[in-house]
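What follows is a single structure, and I will ask about it in a moment.
Where a number appears in this text, it was derived from the coordinates with a stated rule and is not lab data. Because the structure is a prediction, the values reported are computed rather than measured. Please note: Cβ atoms are built from the backbone with ideal geometry, for glycine as well, and neighbour counts cover all protein chains shown.
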Amino acid sequence: MAEGHGRMDADTHRFPVRVYFEDTDAAGIVYYARYLHFLERARTEMMRCLAIPHAQMTADHGVLFAVRRCEIDYLSPARLDDSLEVLTRIVEIRGASLIAEQSVRRDPDLLVQALIRLACITPAGRAARIPPVIGRNFRRLTGNARDSE
């Protein structure tokens, strides 16, 4: 499974990841912090699928998203050369933040579950409201998300 943009499947973004040697420890098991890299890549590619890539969002709207909180459960290890899939859903949208639910699977096994709160900020690091066009893109393609605006 080659890495790419992934794809939207209803309200879920699916992103393929291959485990490389650089992702593992001496025993060939994925190092716990590498999962954060996989999750970040998947969220970035989800944004591309939603037609709101990070660079364009900053250039056009003067905002970006930063991780504010991360809850992660490691359930089972991935290993060298495994083919994984990161699933991402937006489960809550607020005025200046959103919550993404992410999981890493090696079909059919669930390896990692994470809940990520993303804050919308200016390049200077100040909180900012999610621009309406960006909020609409999230709401349009994530139909079951709770809107707590």
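So, in segment 87-96, how many residues would count as being farther than 20 Å from residue 49 by Cβ and either under 14 Å from the mean Cα position of the chain (by Cα) or touching a residue at least 40 places away in the same chain (Cβ under 8 Å) (or both)?
2
Would you mention how many residues in segment 86-103 are in a loop (DSSP other than H, G, I, E, B) and either under 10 Å from residue 11 (Cα atoms) or basic (Lys, Arg) (or both)?
So the count comes out to 1.
I'd like the full set of residues that are out of contact with any Ser or Thr (no Cβ under 7 Å at 6 or more places or on another chain), crowded, with 16+ Cβ neighbours inside 10 Å and either assigned to a loop (DSSP other than H, G, I, E, B) or free of Cβ contacts under 8 Å to residues at least 40 places away in the same chain (or both), limited to segment 107-144.
130, 131, 142 - these are the residues of segment 107-144 that are out of contact with any Ser or Thr (no Cβ under 7 Å at 6 or more places or on another chain), crowded, with 16+ Cβ neighbours inside 10 Å and either assigned to a loop (DSSP other than H, G, I, E, B) or free of Cβ contacts under 8 Å to residues at least 40 places away in the same chain (or both).
Only one of 39, 64, 50 is surrounded by 15 or more Cβ atoms within 10 Å (Cβ to Cβ), of a type in the set (A, V, I, L, M, F, W, C) and in contact with a Leu (Cβ under 7 Å, 6 or more places away or on another chain); which?
One residue alone meets the criteria, 50.
Conditions (1) outside any strand (DSSP E or B); (2) among the acidic types (Asp, Glu); (3) over 28 Å from residue 127 (Cβ atoms); (4) without any contact (Cβ under 8 Å) to a residue 24 or more places away in the chain, marked per residue:
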{"position": "17", "(1), (2), (3), (4)": "no, no, yes, no"}
{"position": "22", "(1), (2), (3), (4)": "yes, yes, yes, yes"}
{"position": "37", "(1), (2), (3), (4)": "yes, no, no, yes"}
{"position": "42", "(1), (2), (3), (4)": "yes, no, no, no"}
{"position": "45", "(1), (2), (3), (4)": "yes, yes, no, no"}
{"position": "59", "(1), (2), (3), (4)": "yes, no, no, yes"}
{"position": "68", "(1), (2), (3), (4)": "no, no, no, no"}
